[in-house]
Amino acid sequence: MSRPAQTPDGPGVKAADPVVLGLDGLDALITKLSESGYEVKGPVSRGGAVVPGSISGVDDLPAGVHDEQSPGGYRLAQGDDGRLFAWAVGPGSWKGEFFPAHQEVWRARASDEAIEFTEAAREAAPLAIVGARPCEFRALEVLDRVLKDGAYRDPRYADRREAAFVAVVECASPASTCFCTSMGTGPGIEGGFDLALTEIDDEGGHRFVVRVGSEDGSEMLDSVPSTKADAGDLEARARVLEGAAANMGRHLQTEGLAGLLARNMDHPRWSDVGERCLSCGNCTLVCPTCFCSDVHDTTDISGESSRARVWSSCFDLDHSYLHGGAVRASCSSRYRQWMTHKLSTWWDQFDTSGCVGCGRCVTWCPVGIDITEEAAFIAASDGATRVSPPSTRGGS
Amino acid sequence: MSSTSNSDVRPTLAVWKFASCDGCQLSLLDCEQELLALTGAVRIAHFTEMSRATVSGPYDISLVEGSITTPDDVERIKEVRANSRHLVTIGACAASGGIQALRNFVEPGSYASAVYAHPEYLETLETSTPISAHVAVDYELHGCPIDRHQLLEVLLAFLAGRRPVVAGHSVCQECKARSTVCLLVSDKTACLGPVTRAGCGALCPSVARGCFGCFGPSDCANVASLTARLRLLGSSDGELDRLLQTFNAAAPAFRSAVGVGRAAAVSLGQSRSPSHEGAER
């Protein structure tokens, strides 16, 4: 909900001061959120990955779970430590909670006199997220510009977003595919959140430094057992973030990147990547900011009709279908569309990057295409052009 | 059902079988909950898996199952076409030739002589070909077998005069929509999902089994890139060929990615019988 935090006048720890929670404190926070009417979700280990799921306490969080990621590769390993957030983001982003894969918008029934429309039901309880990463939180802000704050407000997305509570957990363990430091979205976070936690597990014990970012955050923390964070706790937090930044697996040179891609639309690299790209759409569906959707109108046997908004992908042939055929019929043109939109034309449209450096598209591409590598290649051969004239039709 | 009342304004539906197992047409009977309502909207005029009673054509919509494998088939499909306002093929056999199209890639007659004691009694064509190779097809529904929800969707779209909502994208998108973790990335499972047409709801990956491509190639399938990756992850050429040579073996995107050494390896002298080899998988 992210109303700015105000300092209460009463005695005790000031809400704006960082506090320290133990595991019991985190557990109490989750309980408090639930008792306050939120549907509480957080990272859970399921089906071989860390993904968003319902949680009712710290026992549901992925204790001791670590991950190993590479282009086209992901593996979980169970450690004997009790750390709850010692992994980098998995395939499921929080996008799906606000912008689900399939969402019915309305139903309609025709009678002799009129067509009667019924709006589809919405989620009853507001959502509380415990454990979104800074890159994921920034990704939601990127989505907000498109679906909530822009010219075309999606009321379902916007209402659920505005009602949501987000406790971010800063990142201590980036993957080899991560590059949030390049995008300015992590591993730490300043502002925007309701609460920001940093998991620390050192000689001082297993604990969370918690900073408050909103009135709601302050309120939820109110009855949760906590102590004031001391200088040692804050130094420990700084060490966690420094360590994470130092372990960042990848780097994307962002300076001048939008212009670089815009002037290299005929670069031979697009044909090369078009040979490798499967057009499967995985990168777009794991991306926390990809927002393309389609509208499906269907009818049933009883005469009722329904409209649903469903995820779509710029890698689908149907996505660019106009009268007579697909505008982007070749794989290279589809990959170019996706990457240049993320890193270049997104700026023109929404005044931000469309990429937050979470690395999901790198890890979950079945053939391991790496957006940072593609960008670096083009940067290193700026101005190269195809031998044959560029074509968006046929072949790859 | 066999009523021939002239006042019946329901569009007529006919179901035709060519070389196939009947599984796809049985998907119509599988629409248990919707079947009665459906028969209120369409008149099932010819469907011998359901009733011996038939009504003569022409028919408003014909569902055609199976591939063309005999000289008689070649003539019969022309009659079906001539008697049908709309012709919709159902299943992998009708769309790409089916598993029986494996014979397209070996010496003519070699499979028949391995399977039948007296192949001289058979009168078959050397190849198994899709319906679209013989007559104009209005719509192809894929799958081995087809998905009954998609079948209903096509019939409902026909009744409403709208375009069916049937995707041409990859199975991956169905995995992502149902939050199934990618088996290829997380477990190195050989999976054809990235190049296979959606429609099954990503059934196999949801039970930790790699997709075996029964819906055939997706709109944009880049099979060569996927097989190169699977080879890196440990699949042998033979395993990859077998993965691609099932129900949609003759679909051009799958066929073109099969190793050139495959045809030689399937000489009947080397392996006892290709049909037995298939059964062991």
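Here are some notes:
- Scanning the range A:41-65 for residues that are away from every other protein chain (no Cβ under 14 Å) and more than 17 Å from the chain's Cα centre (by Cα) yields a total of 9.
Okay, residues lined up against (1) of a type outside the set (D, E, K, R); (2) within 13 Å of chain B (Cβ to nearest Cβ):
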{"residue": "A:HIS296", "(1), (2)": "yes, yes"}
{"residue": "A:ILE301", "(1), (2)": "yes, yes"}
{"residue": "A:VAL310", "(1), (2)": "yes, yes"}
{"residue": "A:ASP318", "(1), (2)": "no, yes"}
{"residue": "A:LEU322", "(1), (2)": "yes, no"}
{"residue": "A:SER333", "(1), (2)": "yes, yes"}
{"residue": "A:LEU343", "(1), (2)": "yes, no"}
{"residue": "A:SER353", "(1), (2)": "yes, no"}
{"residue": "A:VAL356", "(1), (2)": "yes, no"}
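- Residue count, the range A:319-374 (criterion: surrounded by fewer than 17 Cβ atoms within 10 Å (Cβ to Cβ), in a loop (DSSP other than H, G, I, E, B) and hydroxyl-bearing (Ser, Thr, Tyr)): 1
- None of B:ALA167, B:ALA208, B:ALA198 is among the small types (Gly, Ala, Ser), open to solvent by 40 Å² or more (accessible area, probe 1.4 Å) and free of Cβ contacts under 8 Å to residues at least 40 places away in the same chain except B:ALA208.
- Residues in the range B:70-99 that are under 19 Å from the mean Cα position of the chain (by Cα) and part of a loop (DSSP other than H, G, I, E, B): B:THR70, B:GLY91, B:GLY97, B:GLY98.
- Qualifying positions in the range B:250-268 - over 24 Å from A:GLU275 (Cβ atoms) and either at pLDDT 95 or above or surrounded by 21 or more Cβ atoms within 10 Å (Cβ to Cβ) (or both): B:ALA250
- Residue within the range A:101-124 that is open to solvent by less than 50 Å² (accessible area, probe 1.4 Å) and in contact with a helix residue (DSSP H, G or I) (Cβ under 6 Å, 6 or more places away or on another chain) present: yes
- Some residue of the range A:253-268 being open to solvent by less than 40 Å² (accessible area, probe 1.4 Å), within 23 Å of the chain's Cα centre (by Cα) and away from every other protein chain (no Cβ under 12 Å): yes
- When each of B:HIS149, B:HIS134 is tested for being in the same structural domain as B:VAL106 (by TED's automatic domain parsing), of a type outside the set (S, T, N, Q) and more than 19 Å from B:ILE68 (Cβ to Cβ), the lone residue that passes is B:HIS149.
- Considering residues of the range A:74-85 that are among the small types (Gly, Ala, Ser) and touching a Gly at 6+ places or on another chain (Cβ under 7 Å) only, the residue farthest from the other protein chains (Cβ to nearest Cβ): A:GLY82
- The lone criterion from (1) in contact with a strand residue (DSSP E or B) (Cβ under 6 Å, 6 or more places away or on another chain); (2) outside any strand (DSSP E or B) left unmet by A:HIS66 is number (2).
- Filter result (within 25 Å of the chain's Cα centre (by Cα) and away from chain B (no Cβ under 12 Å)) within the range A:269-288: A:PRO288
- Matching option when the condition is over 20 Å from B:GLY213 (Cβ atoms), in contact with a strand residue (DSSP E or B) (Cβ under 7 Å, 6 or more places away or on another chain) and either open to solvent by less than 60 Å² (accessible area, probe 1.4 Å) or within 10 Å of chain A (Cβ to nearest Cβ) (or both), among B:LEU152, B:LEU141, B:LEU156: B:LEU156
- Conditions (1) over 27 Å from the mean Cα position of the chain (by Cα); (2) farther than 30 Å from A:SER333 by Cα; (3) open to solvent by less than 40 Å² (accessible area, probe 1.4 Å); number of the one not met by A:THR227: (3)
- A:PHE291 meets each of the listed conditions (1) under 30 Å from A:VAL105 (Cβ atoms); (2) within 14 Å of chain B (Cβ to nearest Cβ) apart from (2).
- Residue that is farthest from B:PRO11 (Cα to Cα) [pool: residues in the range B:170-195 that are among the hydroxyl-bearing types (Ser, Thr, Tyr) and open to solvent by less than 40 Å² (accessible area, probe 1.4 Å)]: B:SER186
The values are calculated or read from the model by the stated rules, or taken from the named source; none is laboratory data. Treat the numbers as computed from the prediction; the structure is a model and nothing was measured. For neighbour counting, all protein chains shown are included, and Cβ atoms are generated from backbone atoms with ideal geometry for every residue, glycine included. Quick note on the areas: whole protein, heavy atoms, side chains included, nothing else; ligands and nucleic acids left out. Shrake-Rupley method; radii C 1.70, N 1.55, O 1.52, S 1.80 Å.
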